[in-house]
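All of the numbers you see were taken from the coordinates with simple rules; none came from a lab. Keep in mind that what you see is a predicted model, and the values were worked out from it rather than measured. All Cβ positions, even for glycine, are placed from backbone atoms using ideal geometry, and neighbour counts span all protein chains on display.
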Amino acid sequence: MDTIIIDGKQTARSVLQRLSAQIGQLKQSGHTPGLAVVLVGEDPASRVYVNSKVKACEELGIYSQKWALPTETTQEELVQLIRQLNADDRIHGILVQSPPPKHIDEQAVVLAIDPRKDVDGFHPINVAKLVLEDPTGFVPCTPLGCMELLSACGIPTQGKHAVVIGRSMIVGKPMAHLLVGKRANATVTIAHSRTADLPGLCRTADILVAAVGRPGLVTADFIKPGAVVLDVGINRVEDATRPRGYRIVGDVDFASVQPLCSAITPVPGGVGPMTIAMLMSNTVKACKLACGA
Ligand code: NDP
């Protein structure tokens with residue numbers, strides 16, 4: 001089968017180009033979108049993510065603030081900073097990099113963010129807006145990026161059976177809501193670690209989304225011939241041949257699955273690049289909503 005390898009880097013570039021034009025128009029009318037990125041602690045992977053978000057802002061002309069706080073920062077100090085950012089008119093989006101140190105209650109931090117600045121889409125108000133299909137809400141960036149990939153590749157969703165493996169609030173559940181919503185009109189099944197006969201269920205999927213965190217979980221026996229496969233997983237596996245001693249793989253065993261499907265996202269270079277692009281998109285949206293543009 002001729003398989004389309006879905007190019008997330010290219011689609012992310014197109015999204016950023018579109019945003020660049022919108023940012024130019026906003027600036028002409030005196031409004032500059034602004035994003036605050038808050039990092040608590042020393043986690044090296046989080047540091048890389050935060051830096052790449054700030055870099056994306058700089059490249060697009062989005063005003064950004066980076067707050068790198070020490071690991072010992074208290075919950076109250078972090079909430080105080082969020083209140084300050086909530087009140088700062090230059091800031092339209094606030095992102096607190098996950099995971100915070102263990103002594104921080106992540107849910108309390110999410111609740112402290114003004115829902116109008118919650119560009120991660122984690123606040124209960126935005127979760128409700130997603131379920132209600134209220135377009136003024138913010139949707140988590142990774143599932144939003146998956147929908148953008150489907151749309152950019154002209155992959156139809158209406159009437160299709162989509163199976164989403166994973167039920168997290170960051171990926172699985174919002175992904176399922178987007179697919180079942182009235183814009184996509186898919187019929188959706190959510191699978192998780194207690195799902196019976198996962199391969200058999202997945203073989204009924206026209207669209208299969210893997211958001212699990214288990215390298216190579218999805219193998220050829222999960223795939224209905226011609227299915228579209230979106231691999232959200234980002235997993236480090238040891239690889240002595242690589243300078244860093246590891247490589248990044250998805251949840252899908254690409255080599256065995258790719259020949260069976262009509263389209264598939266690679267890892268890296270598939271869903272990953274879309275996440276930052278959609279964060280920029282949510283920040284521009286927050287600015288537009290704030291200034292009534
Ligand atoms: P979570 O750990 O929060 O959720 C994983 C889900 O997978 C859970 O619902 C879990 O089920 C389910 N699961 C675990 N094992 C199995 C199994 N053997 N069979 C079926 N289901 C299983 O992870 P996230 O949703 O946060 O992330 C998922 C993956 O996506 C990770 O690899 C993460 O790194 C990646 N990711 C990628 C992003 C990107 O930008 N591309 C952004 C965010 C995440 P249960 O609920 O029963 O425990």
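Numbers below:
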{"quantity": "Strands (runs of 3 or more DSSP E) wholly inside the range 175-252 that include at least 3 residues being within 13 Å of the ligand (Cβ to nearest atom)", "calculated": "187-191, 207-210, 235-238"}
{"quantity": "Qualifying residue in the range 152-161 (condition: near the ligand (Cβ under 9 Å from one of its atoms), assigned to a helix (DSSP H, G or I) and not β-branched (Val, Ile, Thr))", "calculated": "no"}
{"quantity": "Single residue of 142, 136, 189 found to be over 25 Å from residue 216 (Cα atoms) and of a type in the set (S, T, N, Q)", "calculated": "136"}
{"quantity": "Residue match in the range 66-78 (condition: closer than 25 Å to residue 288 by Cβ, part of a helix (DSSP H, G or I) and out of contact with any strand residue (DSSP E or B) (no Cβ under 7 Å at 6 or more places or on another chain))", "calculated": "no"}
{"quantity": "Filter result for the condition that a residue is buried (at least 17 other Cβ atoms within 10 Å of the Cβ), out of contact with any helix residue (DSSP H, G or I) (no Cβ under 8 Å at 6 or more places or on another chain) and farther than 22 Å from residue 83 by Cβ, over 150, 144", "calculated": "150"}
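For (1) surrounded by 18 or more Cβ atoms within 10 Å (Cβ to Cβ); (2) of a type in the set (Asp, Glu), each residue gets a yes or a no:
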residue: 221; (1), (2): no, yes
residue: 228; (1), (2): yes, no
residue: 236; (1), (2): no, no
residue: 240; (1), (2): no, no
residue: 249; (1), (2): yes, no
residue: 269; (1), (2): no, no
